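Single-structure report; data block below.
The values are calculated or read from the model by the stated rules, or taken from the named source; none is laboratory data. Note that this is a predicted model, so its numbers are computed, not measured. Positions of Cβ are generated from backbone atoms using ideal geometry, with glycine treated the same way; all protein chains shown enter the neighbour counts.
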Amino acid sequence: MPNLKQTESITILCSLDLDPKSRKDIIKNLSGAVLSHQGKFLWLGTDEFTSIERLTKIADAENTFADHKRFHLKDFIADFEEEQGEIDIEGLDYHGNYLWLIGSHSSKRKKAKINPDKFKLEKNELKKIERQENRYLLARIPVNESGELEAESTAWLPRNGSSNSLMQALANDEYLDLATIIKSKDGGSSPGKEVYFYLPSKENGLDIEGLAVCHNQILIGLRGPVLRGIAILLEIEVEASLPPELSLKAIGNQERLYKRHFLDLNGLGIRELCWEDDGESLLILAGPTMDLDGALQLFRLKQPLALEDDSLSSTQNQQLEYLGDIPHGFKSDRAEGLALYGSEAILVVYDSPNQARIILDDNHDIVGVQTDVYSTSSDRD
């Protein structure tokens, strides 16, 4: 399949006030991106932190974002405790003078340590699965004309430990309920309703990656589960309730608090969402559900907010349009974040960027990274 056309490169420079490890962790774990204020500010989210990174386009330096400022979410969200783990920010959007963000809402399995002299798993490796409370966050934070986040009017879905109102709404979903999916053939007992949400991300467990906001309507992309090659896009609508909380409205069939949209993305899960300029279509970055190298493909979904509940979209019914692939490397250059960059282009940021992208200082410490802009025009000639 053809690759998207790369049109230019963008330089992202971290603040030198941050310690070298923090700069490294930001650059190597980018997972969300959005532009605001007519492209002046670039907002970045990462897998590893409990903060949002803001960079400013430098007027006298072509295609460069610097003047890095970090915003700690504990300063904006009440009862937010950094010791409750990373947010695992997997989606950012800017709409209506608000910065919106969403965590992965996923559990994770502890990694096994791999080294040349190791031939046996340690006792608890690959056994520990944990749920970090901060991952269950969907919030909006006001942004003023100067690009500063403001705590007043910040709002979020109600949280309850390692859950929130969205997870509670999904708990009995007939497609997302593991107890239904793996019901035994002999009619015997099956796991409890919470088991599915313990199935880790990257193992076809529930894993949010992608956020697109239009007024109070919100589209949420699922990296997993992918059901027999079909990905799931959730749609919710929120309204302000008792400050600072947001509440879910009943918008789906049988008064469900969400709609489901099924997408045939060539067997891939959703890795990122991005509105196009006219707001009539949605760009979808699709990639592997598991932690492996594989195709990273860009699709255009037509009029997503007009889709009925339980809709099915594919290239065959022309509701989806395949635009091209984004190149990746061996365990590197995994496209994770999209930001609209002009009328027919996207800025792409990468998780695990190739070493050739890394910008080092004289001490060989990481100070920045090169990323790419791709054309989204349907004409790939």
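The table that follows gives values for the structure above.
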quantity	calculated
Failed item, numbered, when residue 288 is tested on (1) touching a Gly at 6+ places or on another chain (Cβ under 7 Å); (2) in contact (Cβ under 8 Å) with a residue 40 or more places away in the chain; (3) surrounded by fewer than 22 Cβ atoms within 10 Å (Cβ to Cβ)	(2)
Subset of segment 338-352 that is in a strand (DSSP E or B) and either closer than 19 Å to residue 281 by Cβ or hydroxyl-bearing (Ser, Thr, Tyr) (or both) - its residue that is farthest from the chain's Cα centre (by Cα)	345
Test result for residue 121, surrounded by 11 or more Cβ atoms within 10 Å (Cβ to Cβ) and touching a strand residue (DSSP E or B) at 6+ places or on another chain (Cβ under 7 Å)	no
Count of residues meeting criterion [buried (at least 19 other Cβ atoms within 10 Å of the Cβ) and without any contact (Cβ under 8 Å) to a residue 24 or more places away in the chain] in segment 308-359	1
Pairs where the first residue, in segment 116-144, is farther than 30 Å from residue 215 by Cβ and the second is among the hydrophobic types (A, V, I, L, M, F, W, C) and in a loop (DSSP other than H, G, I, E, B), C-beta under 8 Å, 6+ apart	121/112; 122/112; 125/112; 126/112
Scan of segment 58-101 for residues that are surrounded by 15 or more Cβ atoms within 10 Å (Cβ to Cβ), more than 20 Å from the chain's Cα centre (by Cα) and under 19 Å from residue 17 (Cβ atoms), ordered by number	64, 65, 66, 68, 69
Lone unmet requirement of (1) closer than 24 Å to residue 84 by Cβ; (2) touching a residue at least 60 places away in the same chain (Cβ under 8 Å) for residue 147	(1)
Among the residues listed as 241, 247, the single one being small (Gly, Ala, Ser) and either under 15 Å from residue 308 (Cβ atoms) or modelled with pLDDT under 95 (or both)	241
